[in-house]
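Quick notes on the structure that follows.
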Amino acid sequence: MRWIVLLSTLFLTIRFVMNWRKGIIWSGRDSFFSWAFEQALGYQILFGLTLLLANNPLVVTVVRNGMSALSDPMLLFFTLIHPVAMILAMVIFQVGKNKTKSASIEKRQRLMAFTFIATTLLILAAIPWPIFSYGRALFRLGL
């Protein structure tokens, strides 16, 4: 699911920016793509929050040790930064999508382009890239 969200946000950012720059008018296909992305992101966030709150050993460590546990970069990222950034990405997307409903046809592509740029940047910031000390492998093939 995470790859669907990541690849679709990159694809849709490029699509909406190009549509805006070329002056292409909003279509039903654009509405469908934004709806499908909204569903994928929503399910991904729901799945992530379930993993976070369902007896997660990282959360248990933070609860037991208090704020001092957040001095560990891995605990800070996975218990605070990652969930907050993903929820914020969803909020920004929802606000932008709702604003497009009341915007004129000419302004919808521009508004969605900026919405997707902001959403994409937040999602990219919330990824535990392998180059960081708390990073994870990009592809996990084992169970």
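Restricting to the stretch 20-78, count the residues that are exposed (fewer than 13 other Cβ atoms within 10 Å of the Cβ), at pLDDT 90 or above and either of a type in the set (Ser, Thr, Tyr) or closer than 26 Å to Trp129 by Cβ (or both).
The qualifying residues number 4.
What is the residue count in the stretch 37-60 for residues that are farther than 21 Å from Leu7 by Cβ, touching a helix residue (DSSP H, G or I) at 6+ places or on another chain (Cβ under 9 Å) and hydrophobic (A, V, I, L, M, F, W, C)?
Number of matching residues: 5.
If you take the residues of the stretch 116-143 that are without any contact (Cβ under 8 Å) to a residue 40 or more places away in the chain and touching a helix residue (DSSP H, G or I) at 6+ places or on another chain (Cβ under 7 Å), which of them is surrounded by the fewest Cβ atoms within 10 Å (Cβ to Cβ)?
Selected residue: Ala118.
Please name all residue pairs, on different chains or six or more residues apart, with Cβ atoms under 7 Å, provided the first residue is in the stretch 86-99 and is within 14 Å of Tyr43 (Cβ to Cβ) and the second residue is acidic (Asp, Glu) and in a helix (DSSP H, G or I).
Note: pairs meeting the criteria are Phe93/Glu38.
If I filter the stretch 92-111 for residues that are modelled with pLDDT of 95 or more, surrounded by fewer than 16 Cβ atoms within 10 Å (Cβ to Cβ) and over 24 Å from Arg21 (Cβ atoms), do I get at least one hit?
Scanning the stretch 92-111, I find at least one residue that is modelled with pLDDT of 95 or more, surrounded by fewer than 16 Cβ atoms within 10 Å (Cβ to Cβ) and over 24 Å from Arg21 (Cβ atoms), so the answer is yes.
The values are calculated or read from the model by the stated rules, or taken from the named source; none is laboratory data. All of these numbers come straight from a predicted model, not from anything done at the bench. Using ideal geometry, Cβ is built from the backbone for each residue, glycine included, and neighbour counts are taken over all protein chains shown.
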